[in-house]
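Take a look at the following structure, please.
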Amino acid sequence: MDLDVVNMFVIAGGTLAIPILAFVASFLLWPSALIKIYYWYWRRTLGMQVRYAHHEDYQFCYSVRGRAGNKPTILMLHGFSAHKDMWLSVVKFLPKNLHLVCVDMPGHEGTTRSSLDDLSIDGQVKRIHQFVESLKLNKKPFHLVGTSMGGQVAGVYAAYYPSDICSLSLVCPAGLQYSTDNQFVQRLRELQDSAAVEKIPLIPSTPEEMSEMLQLCSFVRFKVPQQILQGLVDVRIPHNNFYRKLFLEIVSERSRYALHQHMDKIKVPTQIIWGKQDQVLDVSGADMLAKSITNCQVELLENCGHSVVMERPRKTAKLIVDFLASVHNTDNNKKLD
């Protein structure tokens, strides 16, 4: 082989080795950094831009794609201890002509975290209303989507501010009062009685606890590498004290059944999406909501747990798009595989 050709392969090999070694080093030493890069990459790929809005001295962080037009804007509220980027897997399958807004809930990610903030469901609803008014999203009624804790906030928002929204999608929402507690809720009650708040299953502090939480929230059993589990934990640990404070607030007497107490006040067309194998919030909650909300459609997903947005993003996007098309009689009936 000609020496020049050998040199060419050496140079090419060295050039490729640098990014590969950098990736391996990052994966082994700073997995949390890779997770942040992952979200940055997908936001950029999907055209979601991070923006900030203010109400007096309070800052909201959100991501947005598109502009308000003839079709309703979609405002998306994430669940407990998550952030706006959890919706990216669904955004991937939503038509690009929709105006999408995903906001960090109070105290989460880039939105202000204050020791003086009211973290109750009532307090969070009022904060989201401030966000809506700061962006003038309610200049025209919008479609509100919420999952888990965000679903409870969305449902109560619909009861408090009915003129703001035109329709509602609740994905396995919290805040309902069941006749019997499932195994997860029984475990929470035992932890509360023993004051063992550091052992809340939804607030992991080790890779093993993170793996257990993923199994609790998902029907599909993901095989997640240890380094990724460590990265997920590393990202969360600095916020765990806040998550504990928030969790104790939303399961308190004041907030625990907020959606249940207000569901009969929801008057807009409503869609309920729930995983049949939800171990966190029992799927029978869908029937409760359907009986209390006049104009309500229920979609139950087979082989799906609590993390509907992560487990079935394509199906979730399709259901939302089809629901909007049927309710608002829009021409946007694009079908998703």
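The values are calculated or read from the model by the stated rules, or taken from the named source; none is laboratory data. The shown structure was predicted, so the numbers you read here are calculated from the model rather than taken from an experiment. Quick reminder, even Gly has a Cβ in these numbers, built from the backbone with ideal geometry, and neighbours come from all protein chains shown. Areas reflect the complete protein model, heavy atoms only, side chains present, ligands, DNA and RNA absent. Shrake-Rupley method; radii C 1.70, N 1.55, O 1.52, S 1.80 Å.
Work out the length of the dipole vector of the stretch 201-337 about its Cα centre, built from +1 on the beta-carbon of each Lys and Arg and -1 on the beta-carbon of each Asp and Glu, and round it to the nearest 20 debye.
Values: 17 positive and 16 negative charges, 54 e Å.
Computed charge dipole of the stretch 201-337: roughly 260 debye.
May I ask you to list, by number, the DSSP H helices of the chain whose Cα span along the axis is at least 18 Å and whose average Kyte-Doolittle hydropathy reaches 0.5 or more?
Passing helices, by number: 3-29.
For Glu133, project a label point 7 Å along Cα to C-beta. Then give me every residue of the stretch 87-125 with its amide nitrogen under 15 Å of that point.
123-125
Would you mind giving the three semi-axes, in whole Å and largest first, of the ellipsoid equivalent to the stretch 83-123 according to its Cα gyration tensor? Mind dumping the intermediate values first?
Values: eigenvalues 147, 20, 13 Å².
Each semi-axis is the square root of five times an eigenvalue, giving 27, 10, 8 Å.
Ignoring everything except DSSP H segments at least 4 long, calculate the 222 nm mean residue ellipticity for the chain; use -39,500 (n - 2.57) per segment, divide by total residues, nearest 500. Walk me through the numbers before you get to the answer.
Details: 13 runs with 151 residues, N = 337.
Helices in the chain give a 222 nm mean residue ellipticity of -14000 deg cm²/dmol.
If you look for lysine pairs in the stretch 179-312 that are eight or more places apart or on different chains, how many of them have Cα atoms under 29 Å apart?
Qualifying lysine pairs in the stretch 179-312: 10.
Additional query: Can you tell me the relative contact order of the chain? Whole percent, Cα pairs under 8 Å, sequence separation 6 or more.
Working: 574 pairs, mean separation 58.8, N = 337.
Contact order relative to length: 17 percent.
OK, next. Running a GNM on the chain with Cα contacts under 10 Å, which residue among Gly150, Gly275, Gly123 ends up with the highest mean-square fluctuation?
Ranking Gly150, Gly275, Gly123 by mean-square fluctuation puts Gly123 first.
Measuring with a 1.4 Å probe in the full set of protein chains, what accessible area per residue, in whole Å², belongs to the stretch 228-307?
Using a 1.4 Å probe on heavy atoms only, each residue of the stretch 228-307 averages 45 Å².
Rounded to a whole number, what % of the accessible area of the chain do carbon and sulfur atoms account for, probe 1.4 Å? Mind dumping the intermediate values first?
Working: 9100 of 16700 Å².
C and S fraction of accessible area: 54 percent.
If you take every DSSP beta bridge whose two residues both sit in the chain, what share of them, in percent to the nearest 5, is antiparallel?
30
Quick check for me: using +1 on Lys/Arg Cβ and -1 on Asp/Glu Cβ, what's the dipole size of the stretch 207-267 about its Cα centre, in debye to the nearest 20?
260
Can I ask one more? Would you work out the relative contact order for the stretch 119-189, in percent, from Cα pairs under 8 angstrom that are 6 or more residues apart?
31
Taking the Cα centre of the stretch 38-191 as origin and charging only Cβ (+1 Lys, Arg; -1 Asp, Glu), how large is the dipole, in debye to the nearest 20?
Dipole magnitude for the stretch 38-191 comes out near 840 debye.
Taking the Cα centroid of the stretch 97-135 and of the stretch 166-190, what is the distance between the two, rounded to the nearest whole Å?
Cα centroid to Cα centroid, the span is 22 Å.
Further question: Could you compute the net charge surrounding His54? Neighbours are other residues with a C-beta less than 14 Å from the C-beta of His54; K and R count +1, D and E count -1.
With Lys, Arg at +1 and Asp, Glu at -1, the net is -1.
Among all the lysines, which ones have a C-alpha under 16 Å from Lys96's C-alpha, if same-chain residues fewer than 8 places away are not counted?
Lys71, Lys318, Lys334, Lys335
Using +1 at the Cβ of each Lys and Arg and -1 at the Cβ of each Asp and Glu in the chain, identify which of Cys166, Tyr52, Thr180 lies farthest towards the dipole's positive end.
Cys166
Ratio of Rg to Rh for the stretch 254-337, alpha carbon only, Kirkwood?
Value, to two decimals: 0.99.
Which of rounded, prolate, oblate describes the chain, given a ≥ b ≥ c as roots of the alpha-carbon gyration tensor eigenvalues and a/c under 1.5 marking rounded, otherwise prolate only if a/b is larger than b/c?
prolate
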